[in-house]
Amino acid sequence: MRFRFIDRVVSLEKGATSKLVVTKSFPLSDEFTVGHPQRPGEIPTCLILEALATSGVRLVYAHTDEQVVGVLMKVEEARILSSVRAGEEIVVHTELIGLQPSAKDSVGLARTHGQAFVGERLVTEGRLVLLCF
C-alpha cells in the first residue's frame, strides 16, 4: 500500500517566511483506519506527524525551487492535543523556520513548524528537522 500524506495544496506563500497550507483526509476505507484494537477508528498519531513532515518537505521544495527528497530526521517538539477519527480531514499549516545548506548545490537541513487542525480544533503541532537532498 502506498500512503499519501497530502491530498491538496490550499495555499502557498513564498518569501522570507514561507508558509504552506495543505489538506489530508483519512477515509474509512484506508487500511490504517481499521487498525488499533483499543481505539478503533482512531488515526495513529505517527501518521499525523508524517503529514506535518510531508508538508514541510513540500514547502522546502517550493521555497527553494529545487526538486528535493526529504527525510524526517528529528521531531524537536510535538504536542498531541486531540485524536483524529477516520472520516475526518486535517488542515496542516506549515512554516519554514530555517535552512542550513550542506553544500552549494543541495538544500541540507530544514526546520519547520507545523500545526494540524480538524475544523477549528488544533489536534497536533510540532517542530521538525528534515534532511533534504
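The values are calculated or read from the model by the stated rules, or taken from the named source; none is laboratory data. From a predicted model like this one, the values you see are computed outputs, not experimental measurements. Here Cβ is always computed from backbone atoms with ideal geometry, including for glycine, and neighbour counts include all displayed protein chains. Side chains are part of the model used for accessible areas, which takes the heavy atoms of the whole protein and leaves out ligands, DNA and RNA. Shrake-Rupley method; radii C 1.70, N 1.55, O 1.52, S 1.80 Å.
How much accessible area does His63 have with a 1.4 Å probe, in Å² rounded to the nearest 10?
About 60 Å², rounded to the nearest 10.
Quick one: net charge around Leu130, please, counting Lys, Arg +1 and Asp, Glu -1 for every other residue with C-beta under 10 Å from its C-beta.
+2
Hey, rough spin-label estimate for Gln100 and Ile6, points 7 angstrom out along Cα→Cβ, what's it come to in nanometres?
2.3
Provide the net charge surrounding Val84, with neighbours chosen by a C-beta distance below 15 Å and charges set as Lys +1, Arg +1, Asp -1, Glu -1.
Surrounding charge for Val84 is -3.
For a quick check of understanding: with a 1.4 angstrom probe and all protein chains in place, what accessible area in square angstrom does Asp65 have, to the nearest ten?
That residue has around 120 Å² of solvent-accessible surface.
Could you state the orientation-averaged shadow area of the convex hull built on the Cα atoms of segment 34-89, in nm² to one decimal?
Computed as one quarter of the Cα hull surface, the answer is 5.2 nm².
For the chain, set up a Gaussian network in which alpha carbons nearer than 10 Å are linked by springs, and say which option among Leu72, Leu96, Leu47 fluctuates the most.
Among Leu72, Leu96, Leu47, the largest mean-square fluctuation in the Gaussian network model of the chain belongs to Leu47.
Can you compute the charge dipole magnitude of the chain about its Cα centre, using +1 on each Lys and Arg Cβ and -1 on each Asp and Glu Cβ, nothing else charged? Give it in debye, rounded to the nearest 20.
100
How large a share of the accessible area of the chain, in percent, is made up of carbon and sulfur atoms when the probe is 1.4 Å and the other protein chains stay in place?
Its accessible area is 52 percent carbon and sulfur atoms.
Report, to the nearest 10°, how far helix 45-64 tilts away from the longest principal axis of the Cα atoms in the chain, using its own Cα long axis and a range of 0 to 90°.
Its long axis makes an angle of about 30 degrees.
Counting just the Cα atoms, what span does the chain cover along each of its three principal axes? Round to the nearest Å and put the largest first.
Taking max minus min along each principal axis of the Cα atoms, the chain gives 49, 28, 25 Å.
How large is the accessible surface per residue of the chain, computed with a 1.4 Å probe and reported in Å² as a whole number?
Accessible area per residue: 56 Å².
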